[in-house]
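Notes follow the structure.
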Amino acid sequence: MFLTLLLVTLVVASVVSLVVALVFSKPIDSILKRIIADEISVAWLKYLKFAILVVGVSAGVRIYELEKYITPERWDKDARIVLLTTERWVLELYRTIIEALQGIAWLLLVFFVFALIAYVIVRIAELRQGGTAGQAKV
């Protein structure tokens, strides 16, 4: 039963991560093309999609939390293995979805903060180039 739970959480976390990667693919691509006006933006987009998948799966499948279904607590002598009931399955699937989304949300937050900083730098550089080009024409 534990192996089934592990496999199901892996599949659920993977599906959630794939959906998020697909949803955010176009916005991330637009941002990267604006900041990095070069062919390398495609490689960065692929890397960010990969990072979304890795972070989503690693955050969604919590191995240490799932250990309670195969081993008792180490510090408690009277502890027993937690039984996998229907309620536990629902709870674990809910946790998988929420944790995967939370991990991806942090990743995207960090990306968008740095993208915003990079956008401001690019915009300032463009304004300075436009100002010096305008002065040269006069």
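The values are calculated or read from the model by the stated rules, or taken from the named source; none is laboratory data. Note that the structure is predicted; figures quoted are calculated from it, not measured. Ideal geometry is used to build each Cβ from the backbone, glycine not excepted, and the neighbour counts take in all protein chains shown.
Of the helices (runs of 4 or more DSSP H) contained entirely in the stretch 1-71, those carrying at least 2 residues that are farther than 23 Å from Ala105 by Cβ fall at 2-35, 40-60. If only residues of the stretch 31-62 that are among the hydroxyl-bearing types (Ser, Thr, Tyr) and under 20 Å from Ile117 (Cα atoms) are counted, the one that is surrounded by the most Cβ atoms within 10 Å (Cβ to Cβ) is Ser41.
Does Val122 count as hydrophobic (A, V, I, L, M, F, W, C) and either touching a Cys at 6+ places or on another chain (Cβ under 8 Å) or under 21 Å from Leu6 (Cβ atoms) (or both)?
So Val122 does not fit the description; no.
In the set Leu84, Leu108, only one residue is modelled with pLDDT of 95 or more, surrounded by 11 or more Cβ atoms within 10 Å (Cβ to Cβ) and either over 27 Å from the mean Cα position of the chain (by Cα) or within 18 Å of Pro27 (Cβ to Cβ) (or both); that residue is Leu108.
Answer yes or no as to whether Val42 is more than 30 Å from Glu126 (Cα to Cα), out of contact with any strand residue (DSSP E or B) (no Cβ under 9 Å at 6 or more places or on another chain) and of a type in the set (Val, Ile, Thr). For Val42, the condition - more than 30 Å from Glu126 (Cα to Cα), out of contact with any strand residue (DSSP E or B) (no Cβ under 9 Å at 6 or more places or on another chain) and of a type in the set (Val, Ile, Thr) - is not met.
Residue pairs whose Cβ atoms lie under 7 Å apart, separated by 6 or more positions or on different chains, with the first residue in the stretch 109-128 and within 22 Å of Lys49 (Cβ to Cβ) and the second in a helix (DSSP H, G or I) and of a type outside the set (Phe, Trp, Tyr), are Phe111/Leu48; Ala115/Ile31; Ala115/Ile35; Ala118/Ile35; Tyr119/Arg34; Tyr119/Ile35.
Just one of the numbered conditions (1) of a type outside the set (Ser, Thr, Tyr); (2) outside any helix (DSSP H, G or I); (3) at pLDDT 90 or above is not true of Trp75: (3). Cβ-Cβ contacts under 7 Å between residues 6 or more apart (or on different chains), taken from a first residue in the stretch 40-52 that is under 12 Å from Ile28 (Cα atoms) and in contact (Cβ under 8 Å) with a residue 24 or more places away in the chain to a second residue that is aliphatic (A, V, I, L, M) and surrounded by 13 or more Cβ atoms within 10 Å (Cβ to Cβ), are listed as Leu48/Ile28; Lys49/Ala21; Ile52/Val20; Ile52/Ala21; Ile52/Ile104; Ile52/Leu107.
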